[in-house]
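In what follows, a structure is listed as structure tokens, so that the remarks can point back to it.
The values are calculated or read from the model by the stated rules, or taken from the named source; none is laboratory data. Computed from a predicted structure; not experimentally measured. Cβ: placed from backbone, ideal geometry, glycine included. Neighbour counts: every protein chain shown.
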Amino acid sequence: MQAARDPITLPESTGAGKFKSFVGVFSAESLVQIIDSSQYIFEYGERSVKPKTAFYRHLIENGTLSDFLIIVPQLTGAGGGIQEIQGVGPRAVVSRDRRGGVEGSSAKSRTVNKGKLRSILRTPTRRRTCSDV
């Protein structure tokens, strides 16, 4: 976040408004090292993060990726308020509870997905595509 220290106002994707942000450029090699050294939940790092960092390393080695543009939106209505971050300064922090106190997935998701999965699991082994799920 220290790299994103230049204030800027950016347009919303809908074009209806604008929002404040801090932007900056950060070395691709440094960012990949930080991502690789982070800890992730069970198998998430191996299955999701490592393939992406391997791709980034390939681009770095080929000279097609040298840095990232870092954008830190300052969305003051995001629930976390403004917090003083050591070495960075005051920044808007997002606070959210995705599950809203509910454990597991929603009942609707369980019902819809259960039916789809049962039909796949009952069929003989075959090559499956994304449309099967």
- Task: Might you check whether a residue that is without any contact (Cβ under 8 Å) to a residue 60 or more places away in the chain, over 19 Å from SER95 (Cα atoms) and outside any loop (DSSP other than H, G, I, E, B) occurs anywhere in segment 71-79?
- Result: no
Confirm whether GLY24 is modelled with pLDDT under 90, more than 17 Å from the chain's Cα centre (by Cα) and among the small types (Gly, Ala, Ser). no
Any chance segment 4-27 includes a residue that's within 20 Å of GLY87 (Cα to Cα) and free of Cβ contacts under 8 Å to residues at least 12 places away in the same chain? no
Modelled with pLDDT under 90, outside any helix (DSSP H, G or I), surrounded by fewer than 14 Cβ atoms within 10 Å (Cβ to Cβ) and not β-branched (Val, Ile, Thr) - does that describe any residue in segment 42-49? yes
